[in-house]
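One structure below.
The values are calculated or read from the model by the stated rules, or taken from the named source; none is laboratory data. Keep in mind that this is a model prediction, so the values were computed, not measured. Here Cβ is always computed from backbone atoms with ideal geometry, including for glycine, and neighbour counts include all displayed protein chains. Heads up: the accessible areas ignore ligands, DNA and RNA and are worked out on the full protein's heavy atoms, side chains in. Shrake-Rupley method; radii C 1.70, N 1.55, O 1.52, S 1.80 Å.
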Amino acid sequence: MAQSASRGRGRVVFISRRFPPSVGGMENYAFNLHRQLARHHPVTAIVLGRSQRHLVWFIPWAVVAGLVQCLRPGTAWLYIGDAVLAPIGVLLGALTRVRTAVTVLGLDVVHPPRWYQALVRFCLPRFAAVLPISRATRAEALQRGAPPDRTRIVPCGVDAAAVRRGLPRPEARRLLGARLGMELGGRLLVLTVGRLVARKGVSWFVEQVLPRLPESACYLIAGTGPQQQPIERSIRALGLGGRAIVLGAVTDAERETLYDAADVFAMPNRHLEGNMEGFGIVLLEAGLHGVPVVAAAIEGLVDAVLPGRTGLLVREGDGDAFARAIVQCADWPPEPIVAAVTATYTWEAAYRELAAALHLDSRDPSPPSDS
């Protein structure tokens with residue numbers, strides 16, 4: 001789908017393979033960055049808001065549509081949403097001489113096949129701007145030839161108006177307990193939300209952390225993925241039924257209730273070669289609900305936690321430290337957490353970094369209009 005909005009000076013052609021109505025961290029990032037850009041500049045979006053199975057036609061269409069748009073007068077930048085599409089940016093940049101920028105998110109940089117790594121190393125030095133989302137992704141991009149003077153972090157943000165504590169904790173627990181058929185009122189609720197893949201460390205948490213927590217602790221796991229059945233097997237093998245519950249896929253409303261009910265949000269990631277967590281936007285979402293987070297101190301997670309303010313960072317693989325940290329922050333008051341997240345992680349701040357990286361001029365105050 002292609003769409004445009006007008007404001008400011010210097011048009012940006014925006015190409016992304018992940019965009020709403022598809023759901024996910026990349027989609028969220030692309031949508032909010034596009035929205036911020038469109039508030040200040042003319043933007044033409046060439047985006048795929050469907051399953052990645054559609055890449056077979058989207059990529060050639062994006063090349064043709066992108067070429068047409070880049071040849072239009074007044075085009076200042078071609079923006080590419082991730083390193084997977086970087087060859088499109090290199091090709092169109094060479095054909096049109098339009099300046100090119102690419103966001104790098106994590107997995108799109110470290111994906112291990114040799115042919116893919118060779119492609120990344122070929123493409124990144126050819127962009128006028130490389131835009132990692134965290135210090136960890138910046139380091140990986142630099143290792144693959146991104147020029148340091150043209151590489152600037154454009155971080156993730158949160159929409160404080162859209163995601164916030166909606167229900168008092170007792171009411172959220174009553175609703176959640178009714179759904180699960182159990183009493184949750186006085187229990188220590190630890191929550192993880194995300195795709196159940198190996199790097200998330202959920203199986204490790206079930207085996208190494210949950211048994212170290214108080215008997216009242218209940219670990220709620222929301223999400224699906226290839227690790228779901230191994231996680232469920234671990235729960236049964238350890239006799240932790242009723243203390244660890246795999247909820248599977250949840251709706252947006254159910255996810256909000258989970259955040260409202262939780263005492264602590266856990267992100268016990270493990271480092272896997274050729275795999276990484278570029279940021280961890282769910283840590284910010286938890287913070288907007290006033291829920292303290294406990295996360296492994298690796299990769300992009302380090303940029304998503306304000307230690308002592310929004311949560312605690314713990315050495316990867318240290319079960320005792322994770323358990324102590326969860327107990328330590330379980331009774332933190334929610335208001336300072338919300339205040340810290342909303343003051344630090346904003347999409348407006350992300351746009352300011354983007355504008356500085358691309359030397360954009362956003363002084364024109366005229367309102368946006370569709371075209």
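In the chain, the DSSP beta bridges split such that about 15 percent are antiparallel, to the nearest 5.
For a test of the definition: using alpha carbon positions, the gyration tensor, and the 1.5 limit on a/c, classify the chain as rounded, prolate or oblate.
Here the chain falls in the prolate category.
Protection proxy ranking of 140-150, 99-109, 175-185, by the mean of other Cβ atoms within 10 Å over each peptide's residues and highest first, is 99-109, 140-150, 175-185.
Residues whose amide H falls under 5 Å from that of Ala266, counting only those 5 or more places apart or on a different chain, are Leu191, Thr192, Val294, with hydrogens built in the peptide plane.
Excluding ligands, DNA and RNA, the accessible surface per residue across the chain is 43 Å² with a 1.4 Å probe.
Nonpolar atom fraction for region 44-185, defined as the carbon and sulfur part of the 1.4 Å probe accessible area, stands at 61 percent. Taking every C-alpha pair closer than 8 Å and separated by at least 6 residues, the mean separation divided by the residue count of region 121-222 gives a relative contact order of 20 percent.
Put simply, the amide H of Val158, placed in the peptide plane, has neighbours under 5 Å in Thr346, Trp347, leaving out anything fewer than 5 places away on its chain. Accessible surface for Leu358 stands near 10 Å², nearest 10, in the context of the full protein assembly shown (1.4 Å probe).
Give me the accessible area of Glu171, 1.4 Å probe, in Å² rounded to the nearest 10. Here the residue's solvent-accessible area equals roughly 70 Å². Across the options Thr103, Ala339, Leu92, the greatest Cα extent toward the positive end of the charge dipole of the chain (unit charges at beta carbon of Lys, Arg, Asp, Glu) belongs to Leu92. Ranked by the mean number of other Cβ atoms within 10 Å of their residues, highest first, the peptides 208-215, 39-46 come out as 39-46, 208-215.
Peptides 245-251, 323-329 ordered by packing proxy, namely the average of other Cβ atoms within 10 Å per residue, highest first: 323-329, 245-251. Estimated at 0.36 nm per residue, the fully extended path between Arg114 and Arg53 surpasses their Cα-Cα distance by 19.7 nm.
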